[in-house]
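To start, the structure itself, in structure tokens.
Rule-based calculations on the coordinates, nothing more; no lab input. No experiment lies behind these values; they were computed from the predicted model shown. All Cβ positions, even for glycine, are placed from backbone atoms using ideal geometry, and neighbour counts span all protein chains on display.
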Amino acid sequence: MSDDTSTRPVRVYVWQVPVRITHWLIALSIVLLSITGFYIGRPFISVPGPAGDSFLMGWVKVIHGYTAYVFIAAVVARMIWMFTGNQYARWDKFLPVHRTRQKGMLPIVAFYSFVRNRAPGYVGHNPLAGTTYVLVFGLYLLAIATGLFLRGATAPADSLLNWYASLAPLVVGLQTARWIHHAIMWLLLGFAVHHVYSAVLLASVEKNGIMDSIFTGYKWVPDRDLGPGPYRWLHHGELDE
């Protein structure tokens with residue numbers, strides 16, 4: 001195959017609808033949860049008059065609570081899709097269980113460190129990104145757990161949520177749960193900055209439509225990187241199982 005032909009971009013459907021929907025629900029939820037959560041921890045808006053007339057803090061807590069339910073549903077749905085989605089969304093693209101993905105770690109690190117000019121070719125998540133998402137989902141679950149501990153502590157006595165407060169000793173009490181919950185907010189916001197940076201970097205270097213793909217589901221990849229069959233990805237002469 002000639003070099004011109006091998007570099008011809010091919011349009012590949014990567015991110016299915018559930019992946020794109022859960023991605024944006026999680027992203028938007030984190031933004032709204034961060035704003036409302038920061039206000040709950042440190043109110044920065046004061047309203048004159050009796051608190052009962054405005055109920056500002058109450059509304060902020062209501063928004064925070066319902067947004068948390070959306071966040072929980074999106075995270076659970078995305079985790080289910082790791083076992084039911086296409087090959088680019090499945091769990092083995094997050095945990096580097098295959099030898100070819102393990103070998104791809106260092107070249108990816110070299111690219112992000114500007115030591116290497118071109119990133120190794122992967123249609124879906126590269127090995128480093130996939131492993132990072134495992135840690136991010138761990139933060140999601142810890143944020144959900146500590147959030148439920150805190151919500152249970154203020155829930156009515158007859159609410160099912162009240163039970164979660166009894167689990168707070170798992171993280172040495174409610175005050176520690178609150179600190180962990182707050183720290184995770186900043187870690188996730190920091191990850192969001194890095195996530196956007198990485199996507200813009202790959203989009204500018206590879207011209208693969210990665211920024212558009214989270215809206216359309218499609219990416220453009222060089223023909224030379226495609227293996228045999230519509231669902232196989234060839235990476236440096238080895239099949240990425």
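Structure notes:
- Lys61 vs. criteria surrounded by 14 or more Cβ atoms within 10 Å (Cβ to Cβ), over 29 Å from Leu150 (Cα atoms) and among the charged types (D, E, K, R): no
- Taking region 116-140 as the range and being within 18 Å of the chain's Cα centre (by Cα) and exposed (fewer than 14 other Cβ atoms within 10 Å of the Cβ) as the test, the residues that pass are Val134, Leu135, Gly138.
- Some residue of region 151-172 being under 25 Å from the mean Cα position of the chain (by Cα), part of a helix (DSSP H, G or I) and closer than 16 Å to Ile26 by Cβ: no
- The number of residues in region 76-115 that are surrounded by 15 or more Cβ atoms within 10 Å (Cβ to Cβ), out of contact with any Gly (no Cβ under 9 Å at 6 or more places or on another chain), hydroxyl-bearing (Ser, Thr, Tyr) and more than 17 Å from Ser198 (Cα to Cα) comes to 1.
- All conditions in (1) in a helix (DSSP H, G or I); (2) over 28 Å from Val109 (Cα atoms); (3) not aliphatic (A, V, I, L, M) hold for Trp186, with the sole exception of (2).
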